[in-house]
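For reference, the structure discussed in these notes is given below.
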Amino acid sequence: MSFTMWRGVVGMVRPTRRPGATEEIIRMLPEGIGMLPFMVNFRAGTREEFQQAIPQYEGYAADLAEQKVDLILLSGTPPFMLLGPDGVERLVRDWEKRFGIPIVTEPQMHVAAMRALNIRNFVGASYSRLQTDIVLDYLGQLGINALSMEPIEVPFHESGQITVETVYAHVKKQWLRHRNADGIYIHGGGWQTARVVAMLERDLQVPVVHANVCHAWTIHKRLAIRETLPGYGRLLDELP
């Protein structure tokens, strides 16, 4: 059995069962888009856990394909970034061929957004040293480099509690040391801080890529929708 919505249905595989981020993404979408989420159950946020996760994503993608969704978004950067850019591209091509549905991984969303906003040298933030190192290695292979990217170190299960104010102050402090940065990159979909984007862009006059805003931007682009909501920065205001 499959269900439809008049503007399309998005299947999403989230990396954890942490509430908040999916709801934040939905709030950035206009009426008429359906969301069908599945959740991988990452608990520790370790390299080993990330490396073992691809079969779980594959199983959920197969379930979503059976529902005949219009687009599948595979959230969570580390499991895919550990494959490297070429590995991600091969995996997506293989799964799209098998399932017959467009698929986008989170690393692909972030890179596409950074390129759309002409960001090649950035300052950024994530929420663990492990994830930061994985991100920097992956982006560096694509010629996108960090002038500074310091993690906000919290236990993995508490990343959803990081506040907008914490992210703002943390990122701005780095940007003040590297004013030549092309933009700001806020990695990690666990935190519910999308409204920080407009604040930073207004105050610092540089574009900002935020993980959850990337999801909404990708959905708009892939479903050919141009009805955006204000307050989430250039990526959604302009749909570059």
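The values are calculated or read from the model by the stated rules, or taken from the named source; none is laboratory data. All values reported here derive from a predicted model rather than from experimental measurement. No Cβ is skipped: glycine too gets one built from the backbone with ideal geometry, and neighbour counts run over all protein chains shown.
Can you give me the number of residues within the range 171-211 that are modelled with pLDDT under 95 and out of contact with any His (no Cβ under 8 Å at 6 or more places or on another chain)?
5
For the range 98-138, which residues satisfy the criterion of being hydroxyl-bearing (S, T, Y) and over 22 Å from T163 (Cα atoms)?
T105, Y138
Pairs, please: C-beta under 7 Å, at least 6 apart or cross-chain, first residue within 13 Å of I54 (Cα to Cα) and in the range 81-92, second of a type outside the set (V, I, T) and in a helix (DSSP H, G or I)?
Close Cβ pairs (under 7 Å, with a partner that is of a type outside the set (V, I, T) and in a helix (DSSP H, G or I)) amount to M81/P107; M81/Y138; L82/F50; L82/Q51; L83/L91; V88/F80; V88/P107; V88/Q108.
Could you check the range 110-145 and list, in sequence order, the residues that are among the hydrophobic types (A, V, I, L, M, F, W, C), farther than 14 Å from H210 by Cβ and not in a helix (DSSP H, G or I)?
Within the range 110-145, L142, I144 meet the criteria.
When only residues in the range 66-109 that are among the hydrophobic types (A, V, I, L, M, F, W, C) and assigned to a loop (DSSP other than H, G, I, E, B) count, which is surrounded by the most Cβ atoms within 10 Å (Cβ to Cβ)?
Of everything passing the filter in the range 66-109, V69 is surrounded by the most Cβ atoms within 10 Å (Cβ to Cβ).
Of the conditions (1) out of contact with any Cys (no Cβ under 9 Å at 6 or more places or on another chain); (2) under 21 Å from L236 (Cβ atoms), P78 fails just one. Which one is it?
With respect to (1) out of contact with any Cys (no Cβ under 9 Å at 6 or more places or on another chain); (2) under 21 Å from L236 (Cβ atoms), P78 is out only on (2).
When you scan the range 16-38, do you find a residue that is at pLDDT below 90, of a type outside the set (F, W, Y) and assigned to a helix (DSSP H, G or I), even just one?
Yes: the range 16-38 contains one or more residues that are at pLDDT below 90, of a type outside the set (F, W, Y) and assigned to a helix (DSSP H, G or I).
Restricting attention to the range 224-233, which residues are at negative phi and surrounded by fewer than 18 Cβ atoms within 10 Å (Cβ to Cβ)?
Selection gives I225, R226, E227, L229, P230.
Among the residues of the range 136-151, are any at pLDDT below 95, more than 24 Å from M39 (Cβ to Cβ) and either over 16 Å from the mean Cα position of the chain (by Cα) or surrounded by 18 or more Cβ atoms within 10 Å (Cβ to Cβ) (or both)?
Scanning the range 136-151, I find at least one residue that is at pLDDT below 95, more than 24 Å from M39 (Cβ to Cβ) and either over 16 Å from the mean Cα position of the chain (by Cα) or surrounded by 18 or more Cβ atoms within 10 Å (Cβ to Cβ) (or both), so the answer is yes.
Identify the residue in the range 1-57 that is among the basic types (K, R) and crowded, with 17+ Cβ neighbours inside 10 Å and, among all such residues, is farthest from R129 (Cα to Cα).
Ranking the qualifying residues of the range 1-57, first place goes to R7.
Is it fair to say A112 is surrounded by fewer than 24 Cβ atoms within 10 Å (Cβ to Cβ), among the small types (G, A, S) and closer than 30 Å to A169 by Cα?
Yes, satisfied.
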